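The values are calculated or read from the model by the stated rules, or taken from the named source; none is laboratory data. Computed from a predicted model, the values in this text were never measured in an experiment. We work out accessible area using only protein heavy atoms, side chains counted, and drop any ligands, DNA or RNA first. Shrake-Rupley method; radii C 1.70, N 1.55, O 1.52, S 1.80 Å.
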Amino acid sequence: PRLANFTEAGFEFDRTESRAAADWSFFDRLRDQWDGNLVAKGVTSIEDAISLKAAGVDAIQVSTHGGRQLDSARPPILALRDIRQAVGNRCC
């Protein structure tokens, strides 16, 4: 397997790079530059799911991505139910 968005010249995958600077303007720039399918992973917030759908995401992966360290985090299965009600079954 390989990351499709790192196959072109000028793009390099850096596992040490922090994603803490990612915000909605970053997502908008990414969506404008990437014409392939765009999946947002690690979503448990209804508000974020609604914003992602409005911003043009192709799919949402409802997960806590490492929730084993966050025992108090809301279980993804419960978040999935509420997100599906808010944005519809076709999105998630």
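Just how much of Asp32 is accessible, in Å², when a 1.4 Å probe is used and the result is rounded to the nearest 10?
130
Please give the length that would be gained between Val39 and Asp82 if that part of the chain were fully extended, namely 0.36 nm times their separation in residues minus their C-alpha to C-alpha distance (nm, one decimal). Intermediate values should be presented prior to the final figure.
On the way: separation 43, 0.36 × 43 = 15.48 nm, distance 1.87 nm.
Answer, rounded to one decimal: 13.6 nm.
In terms of modelled amide H atoms, which long-range or inter-chain residues lie less than 5 Å from the amide H of Gly42?
It is Gln61, Ser63, by chain and number.
Find how much the distance from Ala73 to Ala9 grows on full extension, using 0.36 nm per residue of separation minus their present alpha carbon separation; answer in nm with one decimal. Don't skip to the end; give the middle numbers.
Working: separation 64, 0.36 × 64 = 23.04 nm, distance 3.88 nm.
Stretched out fully, the Ala73 to Ala9 stretch lengthens by 19.2 nm.
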